[in-house]
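Presented below is the structure to which this report refers.
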Amino acid sequence: MTTDIYRGEKLRLVAMNSETDAPLMNKWRRDSEYARLLDSDPVRLFNTAQNKEWIEKMQKAEAFEGIELIMRTLDEDKPIGFVALDGISWHNGISWVGIGIGERDYWSKGYGTEAMHLIARYAFEELGLHRLSLNVFSYNTRAIRAYEKVGFKVEGTVREAVHRDGKRWDVIFMGLLREEFSM
C-alpha cells in the first residue's frame, strides 16, 4: 500500500497556494519557451493578481472538475512547476492532464516523468478514474518521451495545427488507461 500518494523519489505534489504560487506562475510565464510548450495560443502575460484570482477560482469550484498541484523538490523544497487534472468527468471516469516545469534547471532530469507518474497514480488509485488524456506539440520531444515512460500511447495526430516561428507543427493526442499503468 502506498503511504504518501503525493510523494516520489525526487519531488512531492502540494496544493496550490494563491499567495505564494501566483508570483511563481507569473515568473514562469515570462519565459516564452516555457509558455509555448503549454499552449498553442500566442504567448500572453498575466500579472500576479490575475494568476492569484485564477488559482482561487479553481480552488472554489463546486463541481470539482480540476485539481492543480505544485511540484516541490524533496531535497530543497523548491517549487519547480505544476501538474493538473482538468475537465474531470466523474460519470465517465476520465480527465485531461497537464504539466509545466517552469524552472529550466529542472528540465530533462526526470522531474516531469515522476510528476506524471504521481498524478496518474493519484487519478487511478485515489480518484478511481479510468482514463487520462493529453495533447502535446510534436516539437516537444522531451515531453513525449516522458509521457511514453509513464505508459501514455499516441492515439491520434492533428496535422500542422500549430504555427510557430514560420513552421507548422502537429498536435499529438495521447491517452493512458488504468490497466496500462503500472502503479
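Of the strands (runs of 3 or more DSSP E) that lie entirely inside region 103-183, those containing 1 or more residues that are at negative phi and at pLDDT below 95 span 153-164. Residues in region 13-72 that are modelled with pLDDT of 85 or more, touching a strand residue (DSSP E or B) at 6+ places or on another chain (Cβ under 6 Å) and either loosely packed, with under 14 Cβ neighbours inside 10 Å or not in a helix (DSSP H, G or I) (or both): L13, V14, M16, G66, I67, E68, L69, I70, M71, R72.
Residues in region 73-85 that are under 22 Å from V150 (Cα atoms) and loosely packed, with under 15 Cβ neighbours inside 10 Å: L74 only. Going through (1) out of contact with any Asp or Glu (no Cβ under 7 Å at 6 or more places or on another chain); (2) within 23 Å of V171 (Cα to Cα); (3) touching a residue at least 12 places away in the same chain (Cβ under 8 Å) one by one, N26 falls short only on (2). Within region 1-9, one or more residues are surrounded by 11 or more Cβ atoms within 10 Å (Cβ to Cβ) and modelled with pLDDT under 85. For E76, the conditions (1) out of contact with any strand residue (DSSP E or B) (no Cβ under 9 Å at 6 or more places or on another chain); (2) at pLDDT below 95 are fulfilled apart from (2). Among residues that are surrounded by fewer than 16 Cβ atoms within 10 Å (Cβ to Cβ), touching a residue at least 40 places away in the same chain (Cβ under 8 Å) and either of a type in the set (S, T, N, Q) or touching a strand residue (DSSP E or B) at 6+ places or on another chain (Cβ under 9 Å) (or both), A120 is not included.
The values are calculated or read from the model by the stated rules, or taken from the named source; none is laboratory data. The shown structure was predicted, so the numbers you read here are calculated from the model rather than taken from an experiment. So basically every Cβ, Gly included, is an ideal-geometry build from the backbone, and we count neighbours across all protein chains shown.
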